[in-house]
Structures are given as structure tokens and as C-alpha cells.
Amino acid sequence: MAQSVLLTGAAGRVGEAILGGLADDHEWRLLDRDPPTDDQPGEFVVADITDEEAVREAMAGINVVIHLAGDPRPEAPWDSVLTNNIDGTQTVFEAAVDAGVEKVVFASSNHAVGNYETDERTPDLYREHDDYLLDGTELPRPSNLYGVSKAAGETLGRYYHDEYGLSVACVRIGNLTRGHPPIDYERGQAMWLSYRDCARLFDRCIRADYEYEIVYGISDNDRKYYSLERAREVLGYRPRDNSAHFDGEEQVVEPDT
Ligand SMILES: NC(=O)C1=CN([C@@H]2O[C@H](COP(=O)(O)OP(=O)(O)OC[C@H]3O[C@@H](n4cnc5c(N)ncnc54)[C@H](O)[C@@H]3O)[C@@H](O)[C@H]2O)C=CC1
Ligand SMILES: O=C1O[C@H](COP(=O)(O)O)[C@@H](O)[C@H](O)[C@H]1O
């Protein structure tokens with residue numbers, strides 16, 4: 001069934017991947033501090049997620065929030081992640097609970113667990129003979145202050161679930177690139193998320209029933225050090241792309257079939 005979905009950070013890359021696959025599948029309200037540059041489905045709210053009143057208004061009539069807005073830079077400074085990623089995310093969760101929203105899907109990151117990639121484990125970790133796997137039950141081990149802000153967002157989600165019964169899915173997104181995996185970047189290839197698998201995964205986050213989940217957001221790459229088991233089991237995610245199917249040449253992934 002189509003859902004009323006509020007998509008924050010809609011003007012960014014992850015928003016583009018989600019809307020590219022799902023524009024016609026749900027009723028969209030898009031929010032971003034940057035206005036749209038082209039035609040978008042549904043209505044577009046230009047607002048900052050730290051603007052509590054604007055965020056509350058944007059929640060009216062919404063079933064599911066996909067919360068992407070934030071500073072995505074691994075090197076982002078503390079003042080920016082504190083404002084945009086931590087304060088902004090708390091504003092979104094609080095407004096969602098007050099508006100009676102059913103689910104919030106939070107865009108977490110590989111950088112929330114980036115320091116599991118120790119000197120002893122890398123670069124083998126990125127290669128097929130290695131079988132080290134993170135499954136989402138491990139504690140955060142952020143690799144930068146941006147990763148700390150994502151771990152904080154996951155913890156905010158835990159709190160709003162336990163305290164208010166909100167369904168929350170935290171998606172630790174790997175490396176989203178359009179058309180083909182990152183080139184000459186083993187780490188990025190192991191955690192590649194194709195545009196169409198991104199849309200599939202977030203569609204399942206919109207539709208599935210869950211309590212509080214942390215899942216990894218990657219394609220079905222031959223070599224992966226993030227488990228997809230939870231995303232498959234609880235959400236019914238069925239990725240179709242695999243970074244191993246690309247030979248380094250630019251190839252265009254066809255739209256969903
Ligand atoms: N692209 C990737 O591979 C990954 C992305 N993520 C997360 O996914 C989310 C989206 O990332 P991208 O689309 O790649 O980034 P992006 O920079 O392309 O998009 C982010 C969007 O959020 C908006 N935004 C930022 N701060 C805002 C605020 N305070 N109020 C309203 N809008 C605001 C920006 O205007 C932008 O349109 C981010 O939270 C990022 O941390 C996590 C892991 C990997
Ligand atoms: O969280 C994020 O992760 C991806 C991948 O990280 P990288 O260190 O391998 O580049 C990054 O591209 C994205 O901007 C960021 O939001």
C-alpha cells in the first residue's frame with residue numbers, strides 16, 4: 001500500500017536514488033533547505049531541520065519519515081554535525097512522535113562503525129578471502145566526528161522507540177554511487193550501494209513491520225564485511241547488484257526491472 005512519506009534531505013544524492021526508484025510508489029512530501037532544481041513528485045518544503053516549527057508542520061498527515069538531511073561529510077567539523085546531524089535529528093524524531101508518525105527511517109553510516117577497520121584487519125577486510133563480518137549488533141566504533149553524530153542518531157532512535165513505541169530503522173549506508181561501484185577503491189566496492197538497491201532497501205523500510213532495527217545498506221557484493229541478513233530477514237530486502245560484476249569500466253545500471 002502506498003504510504004505518505006516525508007523525505008528530509010530530498011535534494012541530495014540518496015534522495016535522488018530513492019525518488020528515482022520510488023517516485024510513483026508513495027505519496028511524497030519532500031523537505032530540504034535547498035530548493036529543488038528540477039521537477040519533483042509531491043510537494044516540496046524548503047526548510048531547515050533545526051527549525052522546529054517548520055518540521056512539525058511538515059509532519060502533518062505523514063505515516064513514514066525517511067530522515068536523510070544532515071552534513072554527510074566524513075570530515076565535517078563538530079559544530080556542523082552537532083547542529084545538523086544531532087540537533088536536527090532530535091528535532092525530527094520529537095516532531096514525528098508528536099505527530100503520530102508510525103516509522104522513522106534514519107540514514108546512518110558506515111562511519112558509525114569505521115574504526116572496526118583496524119590496521120590489523122585492513123586491507124584484507126576488503127578482499128574475498130576474508131570473512132570478517134559486522135552484523136549490526138556490534139557497538140558503534142566511529143571513525144570521525146561525523147560517525148559519532150550517526151551513532152548519536154541511532155541512539156536517539158533507540159530512545160524514541162523504547163520511550164514512545166516509534167518504529168525505527170537505522171540504515172548504515174555504505175558507499176552510494178550511480179551506475180557503477182567506486183573505481184580503484186576496494187573499501188568502497190565492498191560497501192557499494194547501487195542506486196536501484198538503495199531504492200529497494202528504503203522501499204522495504206517504508207513497507208515492512210519492525211520495532212527497532214540497525215541494518216546495513218549495501219548491495220549484494222561478493223566481498224562484503226557488512227551482513228545483509230537482518231535487512232533480508234526483517235525488512236525483506238532483496239538486493240540485485242554486486243560490485244564484482246563490474247570490471248572497472250563505466251557501466252550504466254539499467255532502471256529497475
Ligand atoms: N551518499 C552516501 O554514500 C552516504 C550517505 N549517508 C547519509 O545519507 C544522508 C544523505 O546523504 P547524501 O544524499 O549523500 O548527501 P547530500 O549532501 O547529497 O544530501 C544531503 C541533503 O540534506 C540537505 N541538508 C543538510 N543539512 C540540512 C538541514 N540542516 N536542514 C535541511 N536540509 C539539510 C542538503 O541540502 C542536501 O540536499 C546523510 O545523512 C548522509 O550522512 C550515509 C552513508 C553513505
Ligand atoms: O557516510 C558516508 O559514507 C560514504 C562512504 O565513505 P567514504 O569514506 O568511503 O567516502 C561517503 O561517500 C559519504 O559522503 C558519507 O556521507
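Some notes on this structure:
- Residue pairs whose Cβ atoms lie under 8 Å apart, sitting 6 or more positions apart in sequence or on different chains, and linking a residue in the range 1-20 that is within 19 Å of S194 (Cβ to Cβ) to a partner that is modelled with pLDDT under 95, are L19/Q40; L19/P41; G20/P255.
- The condition of being within 15 Å of ligand 1 (Cβ to nearest atom) and among the polar types (S, T, N, Q) holds for S149.
- Looking across D184, D197, one residue alone is modelled with pLDDT under 95 and either part of a helix (DSSP H, G or I) or away from ligand 1 (no atom under 12 Å from the Cβ) (or both). It is D184.
- Any chance R223 is closer than 19 Å to G136 by Cβ and in a helix (DSSP H, G or I): no
- Pair list, Cβ < 7 Å and 6+ apart or interchain, from the range 161-177 residues that are surrounded by fewer than 20 Cβ atoms within 10 Å (Cβ to Cβ) and at pLDDT 95 or above to residues that are assigned to a helix (DSSP H, G or I) and of a type in the set (K, R): none
- Of all residues in the range 218-227 being surrounded by 17 or more Cβ atoms within 10 Å (Cβ to Cβ) and touching a residue at least 60 places away in the same chain (Cβ under 8 Å), the one that is farthest from the chain's Cα centre (by Cα): R223
- Among the residues making up the range 160-178, those that are touching an Asp or Glu at 6+ places or on another chain (Cβ under 7 Å) and among the small types (G, A, S) are S167, A169.
- Where a residue in the range 228-257 is under 14 Å from A190 (Cα atoms) and outside any loop (DSSP other than H, G, I, E, B) and its partner, wherever it lies, is modelled with pLDDT under 60 and not aromatic (F, W, Y), with Cβ under 8 Å and at least six apart: none
The values are calculated or read from the model by the stated rules, or taken from the named source; none is laboratory data. Small disclaimer: the values here were computed from a predicted structure and weren't measured. Cβ sites come from the backbone with ideal geometry, for glycine too, and all protein chains shown count toward neighbours.
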